[in-house]
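Below you'll find the structure, written out as structure tokens, and then a few comments.
The values are calculated or read from the model by the stated rules, or taken from the named source; none is laboratory data. Owing to the predicted nature of the structure, the values given are computational and were not obtained by experimental measurement. Ideal geometry is used to build each Cβ from the backbone, glycine not excepted, and the neighbour counts take in all protein chains shown. Accessible surface is based on the protein model in full, side chains and every heavy atom, while ligands, DNA and RNA are left aside. Shrake-Rupley method; radii C 1.70, N 1.55, O 1.52, S 1.80 Å.
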Amino acid sequence: MGVLGGTCHAEGMRVLVVEDEPGLARALRRGLGADGFTVDVARDGESGLGLARDGDYDAVLLDVMLPRMSGYDVVRRLRHDGNWVPVMMVSAKDGPHDQADGLDCGADDYLTKPFSYVVLLARLRALLRRPRHAHPPVLRHDDVSLDPATHEVEVGGVPVALTPREYALLEYLLRNPDRVISKTELLDRVWDVHVEADPNTVEVYVGYLRRKVGAHVIRTVRGAGYRLGG
Ligand code: CA
């Protein structure tokens, strides 16, 4: 039997629940506590991020729609810091798009509300049994490589310094190597929603990025957007 195979082997496992619905947060604390987990609860994204950064948790149950900071941003920031605590996103948003978004930004699993506690527990145990990925794979295209763990970018083996925006833009292109990506999509995915930006901004940054990684890396598809070159 695996360490967590039974019903009472969760002793010593620490779980952080980030959930703003008081009833659900209480139920999870009670349920997981009864199953032997040590449970901390955060009620908004910002304090969730703070606890996840400082606390040594074995897993984080993370709601998506949270006050102050979304679950997506919490997990993105954790991964950005090199924190690979297993994260299960829990959300009422259940479109396939949302699920992909959650996994894209670094979550390990995704559970849709409403869920049964038994299913949550089974998925949580499965998550805890998985080997922790200490280092995500390096993204490569042509002579460009990008390491999501260290944020190092190299062209032909030579390190290149990118601004955070240039880095995010390159990472998004490298994660979507086989299709044309519109400026609108890039604005959506790479630019913060609170920042005033328009398609011209995307052009400007693609220009900056080309100067640093080589013009051949990003191809313009007229009227449609950009795709990786080569
Ligand atoms: Ca919520």
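For the reader, a short list of remarks on this structure follows.
- Note on the chain: GNM, Cα springs under 10 Å; of Val75, Val41, Val155, the largest mean-square fluctuation is that of Val155.
- The chain: relative contact order in percent, alpha carbon pairs under 8 Å with at least 6 residues between: 12
- 18 Å tail of the calculated P(r), region 148-230, as % of Cα pairs: 37
- Taken over the chain, the convex hull of the Cα atoms encloses 135 Å³ per residue.
- Bins of 10 Å, starting at 0 and running to the largest distance - Cα pair percent for region 7-73: 24, 53, 21, 2
- Placing unit charges on the Cβ atoms of the charged side chains and taking the dipole of the chain about its Cα centre, the candidate lying farthest along the positive direction among Leu16, Val153, Ala34 is Val153.
- Over 18 Å [Cα-Cα, region 140-188], rounded percent: 29
- Sequence-separation-based contact order of region 109-230, relative, with Cα cut under 8 Å and 6+ spacing, percent: 20
- Length added when fully stretched, Asp81-Val138, from 0.36 nm per residue minus Cα-Cα: 18.9 nm
- Counting only protein heavy atoms and a 1.4 Å probe, region 155-230 has 57 square angstrom of accessible area per residue.
- Antiparallel DSSP beta bridges within the chain, as percent of all bridges there, nearest 5: 45
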